[in-house]
Amino acid sequence: MDLIAVNAKVKANLFLSETTHQLEKDFLTVGINFDITKPVNTYSELFLFTTNLVTALNEQDPKRIVNLLYRIDLSEEKVQEEMQNTQLTFSELLAELIVKRELQKVVIKNYYSNPENQ
């Protein structure tokens, strides 16, 4: 699957439910319920929900955010680097990076589970 095909699938929201499921799974492993109302129709909806959850976590239990970043393999260095180059708030940026990382995991899993890519 090439980058153009991936981009088209993302624009068509084809990986949306899988990304939502991956977010639910990884948030739950650090003890956080990702109780988004389903069906999730757009990535924007997913980003907004994740942003609100990250904002609440940042206020209540910032250590869990660090655990989540470790769980999903998103380095603190990457977050700090991205903070230097954005106009987004910390929570917005973190939510964006989290959702993009989970989407990346879904795309990779899809790629390697397709026999024609072997």
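The values are calculated or read from the model by the stated rules, or taken from the named source; none is laboratory data. Please read all numbers here as calculations on a predicted model, not as lab measurements. Reconstructed Cβ throughout: ideal geometry from the backbone, glycine too, with neighbour counts over all protein chains shown.
Sort out which residues of the range 30-70 are loosely packed, with under 14 Cβ neighbours inside 10 Å and under 21 Å from LEU16 (Cβ atoms), and write them in order of number.
Hits for the range 30-70 are ASN33, ASP35, THR37, LYS38, PRO39, ASN41, THR42, SER44, ASN52.
Could you say which residue among GLU82, GLU92 is of a type in the set (Asp, Glu), buried (at least 16 other Cβ atoms within 10 Å of the Cβ) and touching a residue at least 12 places away in the same chain (Cβ under 8 Å)?
GLU92
Among the listed residues THR55, THR50, identify the single one that is at pLDDT 95 or above, within 11 Å of the chain's Cα centre (by Cα) and not basic (Lys, Arg).
On the way: THR55 fails: within 11 Å of the chain's Cα centre (by Cα).
Unique residue meeting the criteria: THR50.
So, LYS78, is that one assigned to a helix (DSSP H, G or I), under 17 Å from the mean Cα position of the chain (by Cα) and closer than 21 Å to THR20 by Cα or not?
no
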